[in-house]
Amino acid sequence: REAAANCRSLMERQQDYKARQIQILMLAETKAKQLKARRQQELGSIAKGVAEKMLEMQLLIQEIAKDDNELRMKQLEREAVERHLTDAIQLQHDQLSDHTFLQERFGKGI
């Protein structure tokens, strides 16, 4: 009788152990799913942040390109003004040289 009671008690404890083992496995599976969901959410947030920074960089690149084009246009305008001034100075110099040559050649009345 005692042996049968011990055997029954042992079987009950074994069933309790199996039930606890199943509970622990289910809890571990639930925690793993929660961690996976949290990790995916964090990765989504990181991806969103990266996309936002990439957009900011693209806008900055466009702004820099626009500024660069404006600077090039101003440089071209400055070079055109410099050429015009150089041409005007050369023309005045040539006219003065011609006038001086004519004065020396034909007298002061010119």
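The values are calculated or read from the model by the stated rules, or taken from the named source; none is laboratory data. Small disclaimer: the values here were computed from a predicted structure and weren't measured. All Cβ positions, even for glycine, are placed from backbone atoms using ideal geometry, and neighbour counts span all protein chains on display. To get the accessible areas, we keep the full protein, side chains included, count just its heavy atoms, and leave off ligands, DNA and RNA. Shrake-Rupley method; radii C 1.70, N 1.55, O 1.52, S 1.80 Å.
Any residue in the range 98-109 that is out of contact with any strand residue (DSSP E or B) (no Cβ under 8 Å at 6 or more places or on another chain), exposed (fewer than 10 other Cβ atoms within 10 Å of the Cβ) and among the small types (Gly, Ala, Ser)? Write out each step before concluding.
First, the residues of the range 98-109 that are out of contact with any strand residue (DSSP E or B) (no Cβ under 8 Å at 6 or more places or on another chain): 98-109.
Of the ones still in play, those that are also exposed (fewer than 10 other Cβ atoms within 10 Å of the Cβ) are 105-109.
Add one more test, that the residue is among the small types (Gly, Ala, Ser), and what stays is 107, 109.
Yes, the conditions are met somewhere in the range 98-109.
List pairs: first in the range 94-106 and of a type outside the set (Lys, Arg), second not in a helix (DSSP H, G or I), Cβ under 7 Å, 6+ apart or cross-chain?
LEU102/ILE110; GLN103/ILE110
Looking at the range 47-90, which of its residues are open to solvent by 90 Å² or more (accessible area, probe 1.4 Å), among the charged types (D, E, K, R) and under 33 Å from the mean Cα position of the chain (by Cα)?
Scanning the range 47-90 gives LYS48, GLU52, LYS53, GLU56, GLU63, LYS66, ARG72, LYS74, GLU77.
Does at least one position in the range 93-110 carry a residue that is modelled with pLDDT under 95 and touching a helix residue (DSSP H, G or I) at 6+ places or on another chain (Cβ under 8 Å)?
Narrowing the range 93-110 to residues modelled with pLDDT under 95: 93-110.
From what's left, touching a helix residue (DSSP H, G or I) at 6+ places or on another chain (Cβ under 8 Å): 110.
Checking the range 93-110: at least one residue is modelled with pLDDT under 95 and touching a helix residue (DSSP H, G or I) at 6+ places or on another chain (Cβ under 8 Å).
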